[in-house]
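This report refers to the structure that appears directly beneath it.
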Amino acid sequence: MTLDADHLRYPHRRRGMDHQRYDFSMLSSRPPVAWPGGAGVALWVNVAVQFFPLDQRGKPFAPPGGMTTPYPDLRHFTLRDYGNRVGVVRCLEALDAFDIQPTFTVNAALVEHCPRLLDRLVQRGDEILASSWHMDTLHHGELAVDEERAIVRKSLATLRECTGQAVEGWVSPARSQSRHTPDLLAAEGVRYMGDWINDELPYAFHTNAGELVALPLSLELDDQFLIGANLHSEWEYAAQIIDACDFLAAEAAETGHGRLLSLSVHPWLMGQPHRIAAFESVLAHLAGCASIWSASASEVVAAWRGQAA
Amino acid sequence: MREDLELYRYRAWDERLPIRWPGGAKLAFWVAPNIEFYELDPPVNPSRRAWPRPAPDVQGYATRDYGNRVGLGRMMALLDKYGVRGSVSLSAAVCDHHPEIIELGVERGWEFFSHGIYNTRYAYGMDEAQERSMIEDAMEAIFRHTGERCAGYLAPALTHTESTLDLFAEAGGIYTCDLFHDDQPTPVRVRSAKRFVSVPYSLELNDTIAYVVNRVEPRRYGEMIKQAFDRLHREAEAGGTVMCVPLHPYQVAHPHRLRAFEEALAYVVGHDGVWLATGREIAEHYLEHYYDLDLARSGGKGGGSEEAATDPAPGSSRDA
């Protein structure tokens, strides 16, 4: 057997990354970032407010948390809808009880499917980020750029109109992107996105329509990843978040460099009655951590942007 | 395809060698950080795709890039704190992409051994000339950037051919981490009859296997390391053992995992009779003091070729 010669050619083997999207930089070599009030750790709690369509195409892959049985998968459709009716209220009551500020990433289709939920979120005044149209409008390498641009525009326009907010943040369904996604987002007025999970602080991300800020939304600490994919118990979830909080607070204290703890929770998962107490225990720990600054996504970006060279 | 490549002979655990490591130590402990580069859009190998999602697989790529950007600095500080030198399983392209990482390792006296060019380029389907060229390319890059000859091999993404170890030995390597058959080093039979050995590298304690494949919680991973250590330390009375903890900066160095790992590391380092070694040091000590004894003892016990194993070619690979 012999491989094609391409397999032993390395056209991007050179200093820096194998693409032009961002510069390489080691966290341990960067100048310090300071957060308002001298906080050691900025806390970004993202609540994923999602719509999973019953007629899921699942192309080029089934979105995590999506339909799995033959049509009509009422089982998963309603389990996810539970999050938008029951789970989200439980999660918000818990967050409010500990005075921790949520940010919402919202599938724009919910403006049509759950207008009262959107009203509730808008009334609260918390920041809303866009998360495409719904969980099955995946942004991926085989999507035609015109089709993707239409999804981005429709999603942003719908959410901006409904919320009255600028909606300058974005998280893609399944954190999946095409080659064009960052360019399209920047062209449509998005300023920061959470999909690239290669860092623990914001960093500059290049597009053909100006600079974006990558604001990594941790997958490793995501409830759907730890509980849904890894099958860890809700109390093992809590232990890991608490360990991460303590680790980052200690590292910030030791180095004098601000750190970011980004947590993404799914009301359809964390808002179940057998899990919510574990989430409350996490929130109690975070609320009791003196060096934490509970912030919205845009507040984190603004604080970082003020210091970035 | 062959039923068995007959790379080594059978030797039961209660026949293990009476190894003592330098200073009379019983257990050789080594930590092998895998410092890797995964390409965003590599050519697709006919036997294995690099990424599950169509390119660009942002999630898979960014997960691994995290290791070089964030995890590695943290891991280096932790190993420094406990006086442990890393033996780096290196995607040699890191020399070109991130030479600052190589410099940080060289400053610390870390060993760099070959883990191929990229962890998104697989040996499956390569002919011998191609695999030899890939192996030599990586060894040359390591020498050029570190000033040290590459001694060890862990195939990129653990992708092998029937010739992999033959080719690496012929290129001047002295040890492999690709075989998981023992808790002591063993001779490995290669067609050149060079003196070539397997140094134990644990897949069971590999952080990626633990966290990702077996979905182990971080605190339990720490417990697994302590329990493995306790047993290998105890059994080393009757014949020195090797314990390896293979790591990935994109796995263990996350904020929810590193403290539990540190507790386990402190536990191991806090014991007597532990030699904090590198892969090369273990291989060299074994080659010098136990390789011939191992062959003599296991002679005639099946497996392997007598001629190849007992008649080493002139010129140790260390001269290469």
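Using a ≥ b ≥ c from the Cα gyration tensor of the range A:54-152 (square roots of the eigenvalues), is it rounded, prolate or oblate, where a/c under 1.5 gives rounded and otherwise the larger of a/b and b/c decides, a/b for prolate? Oblate. Across the range B:34-78, C-alpha contacts under 8 Å between residues 6 or more apart give a mean separation that, scaled by the residue count, equals a relative contact order of 44 percent.
Of all complete DSSP H helices in chain A, those with a Cα span along the helix axis of 30 Å or greater and a mean Kyte-Doolittle hydropathy of -0.5 or more are A:234-255. Look at the stretch B:292-299: the mean tally of other chain Cβ atoms within 10 Å of its residues' Cβ atoms is 0.
Taking the DSSP bridge list for the protein assembly as shown and keeping only pairs wholly inside it, about 15 percent are antiparallel. Using the rule -39500 (n - 2.57) for each DSSP H run of four or more residues, divided by the residues of the protein assembly as shown, the 222 nm mean residue ellipticity is -10500 deg cm²/dmol. For the range A:58-96 versus the range B:219-272, the inter-centroid distance based on Cα atoms is 39 Å. Counting only residues at least eight positions apart within a chain, or on another chain, the aspartates and glutamates with an alpha carbon under 17 Å from that of B:K226 are B:D183, B:E204, B:D207, B:E217, B:E235, B:E262, B:E263, B:D272.
Is the C-alpha gyration tensor of the range B:1-150 telling us rounded, prolate or oblate? Criteria: a/c under 1.5 is rounded; beyond that, a/b larger than b/c is prolate, otherwise oblate. Oblate, since a/c reaches 1.5 and b/c is not below a/b.
As a footprinting exposure proxy, order A:C91, B:C95 by other Cβ within 10 Å, with the fewest listed first.
The fewest-first ordering by Cβ neighbours comes to B:C95, A:C91.
For a straight C-alpha distance cut-off of 21 angstrom, the lysines reachable from A:K59 (same-chain residues fewer than eight places away being disregarded) are A:K154.
Counting beta carbons within 10 Å around each of B:S47, A:S298, B:S91, B:S198 and listing the fewest first gives the order B:S47, A:S298, B:S198, B:S91.
Order of B:M134, A:M17, A:M193, B:M224 from fewest to most other C-beta atoms within 10 Å? Show your work: numbers first, answer last.
Numbers: B:M134 23, A:M17 20, A:M193 28, B:M224 16.
With the fewest neighbours first, B:M134, A:M17, A:M193, B:M224 line up as B:M224, A:M17, B:M134, A:M193.
Mind checking B:255-268 for the average number of partner chain beta-carbons within 10 Å of each residue's beta-carbon? Spell out each step's value before the answer.
On the way: counts 18, 16, 5, 4, 5, 4, 0, 1, 0, 0, 0, 0, 0, 0.
Mean partner-chain Cβ count within 10 Å for B:255-268: 4.
Dividing the radius of gyration of the alpha carbons in the protein assembly as shown by their Kirkwood radius gives 1.00 for Rg/Rh.
Can you give the Rg/Rh ratio of the range A:38-305, where Rg is from the C-alpha atoms and Rh is the Kirkwood radius?
Numbers: Rg = 17.6 Å, Rh = 18.7 Å.
Computed over Cα atoms, the ratio is 0.94.
Shape annotation for the range B:14-300: C-alpha extents along the principal axes are 52, 45, 34 Å, from largest to smallest.
Each part gets one Cα centre, and for the range B:1-21 versus the range A:229-267 those centres are 43 Å apart.
Where a number appears in this text, it was derived from the coordinates with a stated rule and is not lab data. In this text the structure is predicted, and so the values were computed from the model without any measurement. We place every Cβ from the backbone using ideal geometry, glycine too, and count neighbours over all the protein chains shown.
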